[in-house]
Structures are given as structure tokens and as C-alpha cells.
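One structure below.
The values are calculated or read from the model by the stated rules, or taken from the named source; none is laboratory data. It should be emphasised that the depicted structure is a prediction, and the values quoted were computed from it without experimental measurement. In this analysis, Cβ positions are derived from the backbone assuming ideal geometry, glycine residues included, and neighbour counts consider all displayed protein chains. Side chains are part of the model used for accessible areas, which takes the heavy atoms of the whole protein and leaves out ligands, DNA and RNA. Shrake-Rupley method; radii C 1.70, N 1.55, O 1.52, S 1.80 Å.
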Amino acid sequence: NTILDPSKLPLFNMKAYILSDKTILHIYIDMLICEASSIGVLLNKLRKFYYDEAVKPLGVIFRDYMLYKERFKESYRYKKSLEYWRDRLENLPSAPQFFLKVDPAEIKKPKFTRRHFSMDKRRWRAFQQNSIELGSTPTALLLACYAKVLALWSNSKHFCINLTLFDRLPVHKDINKIVGDFTTLNPLEVNLPSSKSFKEIIDEVKRQLFMDLEHKDIGGIQILREMRSLNRDV
């Protein structure tokens with residue numbers, strides 16, 4: 001249950017536990033500095049070092065990528081994405097408003113619990129088939145179900161859901177071999193009044209998601225900054 005101080009480096013640690021017949025290595029990495037695919041890259045490199053395999057030097061580092069992202073802001077594609085989100089700022093809703101037991105600002109040491117649910121192959125294939133019959137995708141159908149549950153517990157039926165997206169742009173042949181935070185956030189707008197059928201909700205979620213993905217060059221943090229420039233509460 002280690003939680004490292006984000007204001008101090010490093011934001012990772014490793015400990016080796018020597019047992020009678022083996023050594024177990026425990027690795028803690030704060031997700032502020034990298035995402036899931038980067039952890040896979042790191043573990044693969046550790047494996048190569050362990051077995052004394054050759055590790056070729058890379059032609060790019062994360063700093064190069066961030067410099068490219070800054071230059072990318074001058075591109076036509078970036079400007080079109082920024083225009084898309086700016087046109088929506090006035091009517092973009094906030095997060096779902098829940099009735100909370102405690103104000104989150106009063107919690108000094110937050111603790112997160114991961115919830116998960118697994119389907120076997122038979123049920124997952126049936127779910128995929130249901131999404132096809134509804135003219136949807138499994139992702140859009142799952143999002144629609146999730147939105148329905150959030151709306152049930154929220155005092156508003158019109159809100160945004162934060163989606164985490166992987167956004168590792170193919171700017172170099174070695175880009176998939178470096179470690180860093182390549183995630184971005186997308187505020188997916190959903191509106192679920194009781195007058196809408198579930199099929200209508202699925203269709204709207206799918207359409208909105210596909211439109212947002214076409215303009216994912218603008219992440220959630222930049223969208224919040226744009227909203228603040230309009231003096232909107234976020």
C-alpha cells in the first residue's frame with residue numbers, strides 16, 4: 001500500500017525479497033510517470049538485463065516526444081481539433097454529481113479500490129454479438145451501460161465521463177520502446193433523460209465517441225484550461 005510523495009523523486013521503487021529457494025522482485029511504479037504499455041516495456045528491458053541480452057540504444061527519448069508534441073500544436077490537425085472542442089465548451093457538462101458521504105477535499109490520504117468483473121469466452125462472444133445486433137461496438141455498449149449506472153446515482157442525467165486513451169503517436173521507429181506517460185483524457189458527453197430508449201443512448205454514445213476520437217489531439221487537461229478561460233466551473 002505504498003503511496004509515494006508526487007513532489008519528490010523518484011516515483012518508483014524496487015525491493016528484492018530473498019527466500020530459501022528464490023528471490024522475488026517487487027516493483028512499484030507511480031502511474032503519474034508512465035502507463036501500462038510503458039510498464040511492459042520496462043519489464044521486458046529488465047528481463048533482457050537479467051539474462052544478459054543485448055539492449056540496443058534507442059534513437060528517441062521521452063523528452064524528444066514531448067518536444068514534438070509542442071511543435072505539433074502548430075499543425076492544421078491540432079488546430080482543427082482545438083476548434084472542435086472550443087465550439088462545444090459552452091454546453092459541455094461537468095462530471096456526474098453524486099451524493100457523497102464526505103467531501104473529497106477533506107480526505108488527506110485517499111485510497112482507491114479497483115473493481116473488476118470478468119466474463120468467460122462464451123459470455124463475451126454473446127456480448128459482442130449483442131453489440132453487433134444493436135448496430136454498436138462492445139466499447140460503446142459497455143460505455144452506455146456504465147453511463148446508465150452513473151445516471152442512476154447522480155443528481156444529473158447530463159454529464160461527462162473521463163475516458164483514458166493511449167496516444168503514443170508514431171513519430172519515430174523506436175517510439176514503442178520508450179517509457180513515459182502517453183495517456184490522454186477524453187471527456188465523453190452523455191445525456192440520459194428517461195424519455196430515451198437504451199438503443200438511442202447506445203447510438204448517441206457511439207456517435208459522440210467516434211467524433212471525439214477524431215479530435216483526440218486535445219486532451220482533457222487542455223479542455224479544462226479552455227473552460228477556465230471562459231470562467232466556467234470545472
What figure, in Å² to the nearest 10, do you get for the accessible area of LYS206 with a 1.4 Å probe and non-protein molecules left out?
50 Å²
Given the options ASP87, ASP120, ASP217, which has the most mean-square fluctuation in a GNM of the chain, springs set between C-alpha atoms less than 10 angstrom apart?
ASP120
Taking the range 68-133, the equivalent ellipsoid from its C-alpha gyration tensor has semi-axes in Å, biggest first, of 33, 28, 16
Within 12 Å, Cβ to Cβ, of MET66, how many net charges do the neighbouring residues add up to if Lys/Arg are +1 and Asp/Glu are -1?
+1
Cα gyration tensor of the range 89-228 diagonalised, 5x eigenvalues square-rooted, in angstrom largest first, produces semi-axes 25, 24, 18
Heavy atoms of the protein only, probe of 1.4 Å, neighbouring chains included. What is the accessible area of HIS172 in Å², nearest 10?
60 Å²
Which percent of the accessible heavy-atom area of the range 105-222 goes to carbon and sulfur, probe 1.4 angstrom?
56 percent
Name the shape class, rounded, prolate or oblate, that the alpha-carbon gyration tensor gives for the range 1-136, where a ≥ b ≥ c are the square roots of its eigenvalues, rounded holds for a/c under 1.5, and otherwise prolate holds if a/b is larger than b/c and oblate otherwise.
rounded
Please report the carbon-and-sulfur percent of the accessible area for the range 30-77; probe 1.4 Å, protein heavy atoms only, DNA, RNA and ligands left out.
62 percent
Could you give log10 I(q)/I(0) at q = 0.21 Å⁻¹ for the range 163-234, computed by the Debye formula over C-alpha point scatterers of equal weight, without solvent?
-0.99
Set the Förster radius R0 to 25 Å, insert the Cβ-Cβ distance between GLN208 and LEU169 as r into 1/(1 + (r/R0)^6), and round the FRET efficiency to 0.05.
0.60
Three principal axis extents, largest first, for the C-alpha atoms of the chain, in Å?
63, 47, 44
Suppose only helical runs count, i.e. DSSP H with n ≥ 4. What mean residue ellipticity at 222 nm does that imply for the chain under -39500 (n - 2.57) per run, divided by all residues and rounded to the nearest 500 deg cm²/dmol?
-12500 deg cm²/dmol
Probe of 1.4 angstrom, ligands and nucleic acids ignored: what's the accessible area per residue over the chain, in square angstrom?
74 Å²
